[in-house]
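Heads up: the structure comes next, in structure tokens.
Every read-out reported here was derived from the displayed coordinates using simple, explicitly stated rules and does not represent laboratory data. Predicted model, so just to flag it, every value in this text is computed and none were measured. Using ideal geometry, Cβ is built from the backbone for each residue, glycine included, and neighbour counts are taken over all protein chains shown.
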Amino acid sequence: MSDAPRFIMIGGFLGAGKTTTISRLASYFRSLGQNVAIVTNDQASDLVDTLLLRAEGFQVGEVAGSCFCCNFNALTSTVESLSLDQRPDVVLAEPVGSCTDLVATVIRPLEQIYEQPFEIAPYGVIIKPSHGIKILSGEGQRGFSPKAAYIFRKQLEEADFVILNRIDELEPSEVAQITELLEREYPNLPIVQTSAKTGAGFETLCAFLGQQGVFGQRTMEVDYDVYAEGEAELGWLNCQVALTADSPFELDSLIMSLLTSLQEAFKSADAEVAHLKVIAMHDESYAVANLVSNDHRPVLSLPSKASSSVADLVVNARVATSPEELEATVRSTLNAIVPQFHATANIRAIQCFRPGRPVPTHRLN
């Protein structure tokens, strides 16, 4: 077996469960005594995923401000910086959830251009069940146009295998339906059923990722005009908020109230949520909640069971609406919810925009 670090990239649409999957994979490899490095990716800084993974004790680098494909050199330099103290045995990479064409723009350039050798694992793409059933069945996805669905489909088309996540949340009939849809549209594409939350099916996932061979061989054409327009349909918001109060408030209750109110606001505006994630932090306490669609309830994915009179809040929102409407909704909802906990909110930094046209550093098809 090669001594080169093993590069594992896990793709999938916004809210598919990439971070939870990568966290579980990192814990697994660490339990084997292997040194693990994680690289997260976002169109802006202040990423909840990075904060969460670092809180779990992992070595994490972040490529912010552009996707892996459009800033390939930042990806490789981030991996190198994480290798300064100790060479990683495994590099886990989480790309932006609205990106596709990653085999041609990331995996092949790593193999053919980057001078430091990697052992490339099969490329797995997590399918988001809530959108997968509607898009693959032809029912359509309310709030998203066919251009956003185009990105979703292209992500699956280039995968070496598909990860059907959240099986703990699905009925057996739903699992069967998604599997049938995938087999119909992507024949001969292996499907691994897992739950990153519970660990169900995780041994099979690790076995797939441990395969030796040449991967990333699926060739596909991508219409970058449609791709760019699909990404631009999403408003993208990251913000940092300082919370202060005269008396302690429950971190878990505050972020769940915030997400529930944001969901109601976006539903009223007929703006489909691709992903909403919030983290509240105080000392060693972390509370994380997320929302993956308008049709699902917010989930407290990491309860803190902590109360504090001060906390730092980070909000990441990806919603099919204009940046102006997205920012206005987040600001107004914060101003409505935070006083209910007898606290005040001071927005320290906020970034809100539409993603720009993807322009890959390299594209080897």
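If r is the Cβ-Cβ distance from ASP312 to THR198 and R0 is 25 Å, what FRET efficiency results, to the nearest 0.05? Please list the in-between numbers first.
Values: r = 30 Å, r/R0 = 1.18.
Once the sixth-power term is evaluated, E becomes 0.25.
Ordered by the number of other Cβ atoms lying within 10 Å of each residue's own Cβ, fewest first, GLU324, GLU174 fall into the sequence GLU324, GLU174.
How big is the Cα convex hull of region 232-365 in projection, averaged over all directions, in nm²? It would help to have the intermediate numbers written out before the result.
On the way: hull surface 38.4 nm².
Average of the hull's projected areas for region 232-365 equals 9.6 nm².
Tally Lys/Arg at +1 and Asp/Glu at -1 over every other residue whose Cβ is under 12 Å from the Cβ of LEU182; what's the total?
Details: positive: ARG153, ARG184; negative: GLU157, GLU180, GLU183, GLU185.
Residues close to LEU182 contribute a combined charge of -2.
Could you tell me which GluC sites (Glu not before Pro) in region 209-274 are loop residues by DSSP with no more than 15 other beta carbons within 10 angstrom of their beta carbon? Walk me through the numbers on the way to the answer.
Values: sites: GLU221, GLU229, GLU231, GLU233, GLU250, GLU264, GLU272; in loops: GLU221, GLU233, GLU272.
Sites meeting the loop and neighbour criteria: GLU221.
Stokes-Einstein diffusion for the chain at 20 °C, viscosity 1.002 mPa s, with a Kirkwood radius from C-alpha pairs, works out to 103 µm²/s. Summing +1 for each Lys or Arg and -1 for each Asp or Glu among the other residues whose beta-carbon sits under 11 angstrom from that of ALA74 gives -2. Label sites at GLN240 and SER27, each approximated as a point 7 angstrom past Cα along Cα to Cβ, lie 2.8 nm apart.
FRET efficiency for the pair ASP168 and THR260, taken as 1/(1 + (r/R0)^6) with r the Cβ-Cβ distance and R0 = 22 Å, rounds to 0.50.
Taking Lys and Arg as +1 and Asp and Glu as -1, the other residues whose beta-carbon sits under 13 Å from that of VAL96 total -4. Taking other Cβ atoms within 10 Å as a rough exposure proxy, MET281, MET9 sort from fewest to most as MET281, MET9. Helices in the chain, meaning DSSP H runs of at least 4 residues, each add -39500 (n - 2.57). Divided by all residues, the mean residue ellipticity at 222 nm is -10500 deg cm²/dmol. Exposure proxy for MET256, MET220: other Cβ atoms within 10 Å of each Cβ, ordered fewest to most, give MET220, MET256.
A straight Cα-to-Cα reach below 20 Å connects LYS267 with the aspartates and glutamates GLU139, GLU233, ASP295, GLU324, GLU325, GLU327, residues fewer than 8 places away in its own chain not being considered.
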